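What follows is a set of notes on a single structure, which appears directly below.
Every number here is computed from the coordinates shown, using simple stated rules; none is lab data. What you see is a predicted model; the values in this text were computed from it and never measured. Ideal geometry is used to build each Cβ from the backbone, glycine not excepted, and the neighbour counts take in all protein chains shown.
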Amino acid sequence: MGPLMIPLKSQDRNIYILVLRSFVKMEIKSLEGSSVFLDVIGDSPRNRILDFLLGEISYDFTLKEIARKSKVGYATIKRIWGDFVRSGLVKETRRVGKAVFYTYDKDSKAGRALRTFYLEIIMHEVEKEAEIVEDIAV
C-alpha cells in the first residue's frame, strides 16, 4: 500500500498529512488565512504573532517581517513586542545595521510550554481528521 495523503481542513490553510506506516509528515501547502491554532484559541494580534513564530520556529525575523507575515500592524507589534521579550517567548538573535532580528525562544520555560500546547492542538486536529478518513475507508 502506498502513502496516504490526508487533507487537514482549516479555514484557508491547506495542510496535508502524509502517512507512511507509523511515520507522519506534515506539509503546509499554503499559509494564507488562519490556522487550527487560531481556530481554537481565537484570532487576535498576539495570537497571530505566536502562530506565525511557532510555525517558523527555526528562523529569525525583523519586526517589520513579523508584522507583514502575521498580518498584524507594525504599530501594534511595536506596542506589544516588549511583552513577548519580557515573557521569554522571543529573543534577539542578531543585528544587521539598524535591523534587529528575533526568533521564538524554544529553550525558555514559557517557550517550551507554549510550543507543547501549540503542537497538542495541531496533533489533536490531525488525529480527528485521521479518524474521519479511517471511518470513510472502512
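Structural remarks
- A simple charge model with +1 on the Cβ of Lys and Arg, -1 on the Cβ of Asp and Glu and nothing else charged puts the dipole of the stretch 34-113 at about 360 debye relative to its Cα centre.
- The simple spin-label model puts a point 7 Å past each Cα toward its Cβ; for Leu119 and Thr62 those points are separated by 3.2 nm.
- 5 angstrom amide H check on Thr93, placed H, neighbours 5+ away: Phe101, Tyr102, Thr103
- 10 Å binning of all Cα-Cα separations within the stretch 34-113, expressed as whole percents from 0 upward: 19, 56, 24, 2
- Arg86 versus Ser44: modelled label distance in nm, points set 7 Å from Cα along the beta carbon direction: 1.6
- Here Lys71 and Glu131 are evaluated by their C-beta separation; at R0 = 35 Å the FRET efficiency comes out at 0.65.
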